[in-house]
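Comments concern the structure below.
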Amino acid sequence: MNNYKKLNMEKNIEKNGVGYITGMKAGIVLCPGCHKVLIATEKNGMRIRLCPRCGASIHFRKPDSIGRTWALLITAAILVFPANLLPVMRVYSRNVPDDSTIMEGIIYFFKEGSYGIGIIIFTASILIPFFKITGISLILFSIHFKWKTRLKQKALMFRFIQFVGRWSMLDIFVITLLQAFIDFGILSSIAPAPAAAYFTGVVVVTMFAAITFDPRLMWDEY
Amino acid sequence: MTPPLLKKSSRISPIWILPVVALVIGGWLLYKGVKDAGIKIIVHFENAESVVPGKTQIMYKGIPVGTVVEITVDENMKGVDLYIEMDSRLKDSLVEDTLFWIVRPEISAGKISGVNTLFSGSYLETRPGISRLPAREFTGLAESPSLPITAPGLHIKFNTAALGSLQKGSQIYFNNIPIGSVQGYILMSQQNVLINAYIKPEYAHLVKKNTKFWNASGITFKGNLSGFKLEMESISSLIYGGIGMYTPKLKKNSPNAENGDFFTLYEDLDDSMTGIHMTLKLCSAEGLAADTSRVMYRGLKVGTVSSLTFNRDNKKRVTANIIINPESEFILREKTRFWVARPKFSINRIQNMETILKGAYITFEPGGGKFCDDFTAGVQPNSKSILRQGKKFTLVSENSRSFSIGAPVFYKELQVGEITAFDLAPGGNHILADFLIYARYTYLVRSDSIFWKTGGIHIDAGLDGVSVKAEMLTTLFTGGVAFITPGALPADSRRPNKKKIFHLYQTYQKAIDATPVLQSKGVKIQLQAISLKSVSSGTPILYKQVEVGEITGFQMTEKGENIILDAFIQKKYAHLLKTTSRFYNASGVDIKGNLSGVHIKTGSLKSIIAGGIGFFLPFPGEPVKKNHSFTLYNDYQAALDADKIKIFLNFASPHGIKEGVDIKYQGIALGKVKKVVYGKGMESVIATVLVDKESKMLFREDTRIWLVAPELTIFGVKNLDSIITGPYIALKPGKGDPVVTLTALAAPPFKEEIEVGLNIILQSRRLGSLKKKSPVYYRQIRIGSVTGYDLSPNASRVWVYINISPPYTPLIRKNTRFWNASGIKMTGGIFSGVKIDAETIASIVAGGIAMATPENYKKDKKGAPAADGDMFTLHEKGEKKWLLWNPEIQLKKRFQKNHQASF
């Protein structure tokens, strides 16, 4: 490690408040199940071992985290297209079907003057899925390209993504609730359209992506 | 610095299957999207009302096959272009003759369609074409197109003059089952509409080449005097219009209709049944009318006059175009003779009466020869072909009155034959009429049979008035002949009757007069009348409204003051007639009206018209002998009153006295006031009262009569019954010699005399509140009542007459004290308070008399029982000690339980 690197590293340590020595480097591993601190020995610390206390499998880092996250992210990115281009909801009004995509629904609400609902659905159905995909992609890229800047903000963003992921299901809940509530036979009824499935896929896959990603990887390169 | 213990796995994570799957899905979706991308077409419409871009769909057989994407106005602003994205599956169907039309809800008086679009909104309907040339631009239809000629089923065409309420979609019915519909119509010329129709394939076999179609739209109402007809195919045909069809039975086997066949659409069912056309030249079409006038044969309709036209020949006759039912084709023969039956009126007869109601009709006598359909109407022939088996006879008559062909021949009012022909006899002196007696009745005609004319209305006018006589109602219009065969008819009908020609009497009377055998047996009597009134020869004599005889003639007495009517009573009724019988004129209507009501009195209906004489038996008498003379009273009442006694009553005031007022004795009417006249000097009125003979003894010198009229005063209502029945004359019989003239009292007698019980007189200073019927009390029990009061002869006292009811009469002794118990007696002192004394509540209102008898009545001579007419003093008030008297007196037995009710 040359001086420049060291200097830089120290700067980073100061800036990000991260210790120089990681648990992995120190041969210490944390049980994900019971948070027992274990010492990784030469013999056994290399790969998988079970926690002597709770029996959970122990890794220094989630195995194949980056690869899996990438795979899930790519899946989500593909599914986003049918989810947004195909109709998500079919309204039968006097037996005439009327398909609408997510965006058409939002525009409808805005046209009707229901800005609040429009904003909520727009946020939950358009903003958050895109935000999740781009956010996790950004973190993955920053790991891959070893971008060391703003790690703290990225970590904050990742926690936000984890928290907000489940709310993207709002749109699906709305459709299922409407289907249950609005069933007046020939007069009016609502059914989910194909995009609902793709959209659910996007939400689920991005949630899994957030789970498979190990944020500690961000700090490993220091 | 790298951790030596970490080793990277070389194999690819199975998680990468996910993006691959997503990619596959996405790719498939992309492929499908590209493959299924709609075909964009443009359809041009006149207007795009109710079409919504993005919403309005294109339907084919009920499933959506496309959506309207955009609507633009076309270049020259004449219509609209609809940009439509069609389902890619229809790629091959979008050819140049593919049709598009907009289905909108349509509700009009005649049609309801596209009801489903009310809910779903309008949509476009399409029908693929058969062409092979693909097209992407189309012109939309204004309305739904008719079925293509290629559609399975039967496509036929109708010719009709007017469309009526038919329209596209109107159903074609067979036995009320819709089997097809109208597809469209075109106006071919001014008087011809061509209708395209379609019959569903499953019903196509029902339509034959000879099938008749008629316009069954709406309700057909055809009415004339002979009845009316209401036709309606179905409710839906009422709204949509409809076509009915039937195949004539005879033509069931004709070949099935083929596509493109032409049929005539008749105006209605009747029209469709038309058969053969024929023409009839007439001198006049009077009474005939196109479409309604019928051609009749023996009462059956065989055709209809379809139109009447004016002829251009030199005689300027009229031609009737007639349509004869196909079944009646046989009548169209050279020798068939036609004529018009019209009502005929004459002074004594009405002919063809039914034509008055139904209008004139055309009738005919079928003949032979070749087929012919052009005829000239003639006159009705006076003969008729014989259709029934029987025997033919001939009648000789003075005139042809009441003859008509087919007129019935009656025997005992049963038709046994008919007149078949009549004509002038050679020489023209009389009429010869042929008639047929039906085979089974021929034995009724014997050589001595008498024939006379019946029927029609006989009007005999003479000096004694006009008598109208009608025979059986059936013969009133047709006329007829009746006959009778005197004597026993031989049971053996095989014995033939040689005589063929009979004389026909003009009337039954003449026949009877000329045939002594027929004159009925009975009693001849004479009636004496002052005037003939409406009685004439032939007037019936009625007994209990049954005709028992008749007047046969009349003559005047020598002096000319009376008229003697000869009457004849039939033998079987002769026993009803006794010497005491009274005859009266029952003719006409007798109306008597006054305030107490209107009496309308009539005899039987017949007697109103024809007059009549009635008689009744007031009491038994001897059987009459021939030529016994009776008096004919003017009316029934006069006859009834014939033996009544006249009593003359003198009334000071005419008020309330009028004709019809009853005279009653004890509520039972004895008679009535017959007439009221002024007495001498106009000061009084004399009412003449008719009373029964039996009541005569009631009218004696002392008999008192007075008028009872309702009286409303402060004291009450009197004679309530007379309010309803009107005033009446009351009578109180008296003694003396019988009289016929009496003078009425001005007012009812003040004293009522009651025969039973004890009548005594009380003397008093004042009358007090006593009045008639005021009670007499003993120990507060009513034992009698006041019957009247008057001043004593010297006016010093008031005499109150009282009557004690029978069981209580022993209570009254010579020393009995009476006092006035009327009103309330009130005495008062400072220490004793107020004392109110009253006999009974009733006596407060009605007044009353109380009495008491001393205990020592037996010892004292004064205590002897009182006798009628005894005088007592009526004290002002009773003494206290009188009330303490407590005598024991044996009452009489109550022989009359409810006697007190008479008070």
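The values are calculated or read from the model by the stated rules, or taken from the named source; none is laboratory data. Just so we're clear, the structure is a prediction, and the values are computed from it rather than from any experiment. Because the Cβ atoms are built from the backbone with ideal geometry, glycine has one as well, and the counts that use them run over all protein chains shown. Note: accessible area is taken over every heavy atom of the protein model, side chains too, but ligands, DNA and RNA are not part of it. Shrake-Rupley method; radii C 1.70, N 1.55, O 1.52, S 1.80 Å.
Would you confirm whether or not segment B:3-12 contains a residue that is at pLDDT 80 or above and either part of a strand (DSSP E or B) or within 13 Å of chain A (Cβ to nearest Cβ) (or both)?
Looking through segment B:3-12, none of the residues is at pLDDT 80 or above and either part of a strand (DSSP E or B) or within 13 Å of chain A (Cβ to nearest Cβ) (or both).
Of the numbered conditions (1) open to solvent by less than 70 Å² (accessible area, probe 1.4 Å); (2) modelled with pLDDT under 80, B:TYR636 fails exactly one; give the number of that condition.
(1)
What pairs can you find where one residue is in segment B:60-73 and within 15 Å of B:GLU49 (Cβ to Cβ), the other is open to solvent by 50 Å² or more (accessible area, probe 1.4 Å) and outside any strand (DSSP E or B), and their Cβ atoms are less than 6 Å apart, with a gap of 6+ or different chains?
Pairs found: B:VAL68/B:PRO53; B:ILE71/B:PRO53.
State whether the residues of segment A:54-74 include one that is more than 8 Å from every other protein chain (Cβ to nearest Cβ), out of contact with any strand residue (DSSP E or B) (no Cβ under 7 Å at 6 or more places or on another chain) and modelled with pLDDT under 70.
No - not one qualifying residue is present in segment A:54-74.
From the list B:LYS578, B:LYS601, B:LYS592, which residue is within 19 Å of B:TYR636 (Cα to Cα) and modelled with pLDDT of 80 or more?
B:LYS578
Can you pull out every residue in segment A:186-203 that is surrounded by 18 or more Cβ atoms within 10 Å (Cβ to Cβ) and within 11 Å of another protein chain (Cβ to nearest Cβ)?
Correct list: A:ALA195, A:TYR198, A:GLY201, A:VAL202.
Scan segment A:78-91 for residues that are under 19 Å from the mean Cα position of the chain (by Cα), surrounded by fewer than 20 Cβ atoms within 10 Å (Cβ to Cβ) and facing another protein chain (nearest Cβ under 10 Å) and jot them down.
Correct list: A:PHE81 only.
With the requirement that a residue be among the small types (Gly, Ala, Ser) and over 18 Å from B:THR139 (Cα atoms), what does segment B:24-81 give you?
Scanning segment B:24-81 gives B:GLY26, B:GLY27, B:GLY33, B:ALA37, B:GLY38, B:GLY54, B:GLY62.
I'm trying to understand the selection: among the residues of segment B:384-407, which are open to solvent by less than 20 Å² (accessible area, probe 1.4 Å) and modelled with pLDDT under 80?
Within segment B:384-407, B:SER402, B:PHE403, B:ALA407 meet the criteria.
If the requirement is being open to solvent by less than 80 Å² (accessible area, probe 1.4 Å), at pLDDT below 80 and in a loop (DSSP other than H, G, I, E, B), which of these qualifies: B:GLU888, B:GLU839?
B:GLU839
Could you tell me which of the residues B:ILE754, B:ILE783 is modelled with pLDDT under 75, under 30 Å from B:LYS877 (Cβ atoms) and touching a helix residue (DSSP H, G or I) at 6+ places or on another chain (Cβ under 9 Å)?
On inspection, the qualifying residue turns out to be B:ILE754.
Has segment A:91-108 got at least one residue that is modelled with pLDDT under 80 and of a type in the set (Phe, Trp, Tyr)?
no
What about A:ILE21, is it modelled with pLDDT of 60 or more and not assigned by TED's automatic domain parsing to the domain that holds A:LYS154?
Yes.
Among the residues of segment B:128-140, how many are assigned to a strand (DSSP E or B) and open to solvent by less than 50 Å² (accessible area, probe 1.4 Å)?
Total satisfying the criteria: 1.
The rows are residues; the columns are (1) over 25 Å from the mean Cα position of the chain (by Cα); (2) away from every other protein chain (no Cβ under 14 Å); (3) open to solvent by 80 Å² or more (accessible area, probe 1.4 Å).
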{"residue": "A:SER93", "(1), (2), (3)": "yes, no, no"}
{"residue": "A:SER100", "(1), (2), (3)": "yes, no, no"}
{"residue": "A:PHE109", "(1), (2), (3)": "yes, yes, no"}
{"residue": "A:GLY113", "(1), (2), (3)": "yes, yes, no"}
{"residue": "A:SER125", "(1), (2), (3)": "no, yes, no"}
{"residue": "A:LYS132", "(1), (2), (3)": "no, yes, no"}
{"residue": "A:PHE145", "(1), (2), (3)": "no, yes, yes"}
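In segment A:144-222, which helices (runs of 4 or more DSSP H) lie fully inside it and hold 1 or more residues that are closer than 17 Å to A:ILE133 by Cα and in contact (Cβ under 8 Å) with a residue 60 or more places away in the chain?
A:151-164, A:194-212
When the residues of segment B:49-70 are narrowed to those that are more than 14 Å from chain A (Cβ to nearest Cβ) and under 20 Å from A:PRO97 (Cβ atoms), which ends up most open to solvent (accessible area, probe 1.4 Å)?
It comes out as B:LYS61.
So B:TRP706 ticks every box in (1) surrounded by 13 or more Cβ atoms within 10 Å (Cβ to Cβ); (2) among the aromatic types (Phe, Trp, Tyr); (3) in a loop (DSSP other than H, G, I, E, B) but one. Which box is left unticked?
For B:TRP706, the failing item is (3).
Could you please give the count of residues in segment B:627-654 that are outside any strand (DSSP E or B) and touching a residue at least 12 places away in the same chain (Cβ under 8 Å)?
Summing the residues that are outside any strand (DSSP E or B) and touching a residue at least 12 places away in the same chain (Cβ under 8 Å) in segment B:627-654 gives 15.
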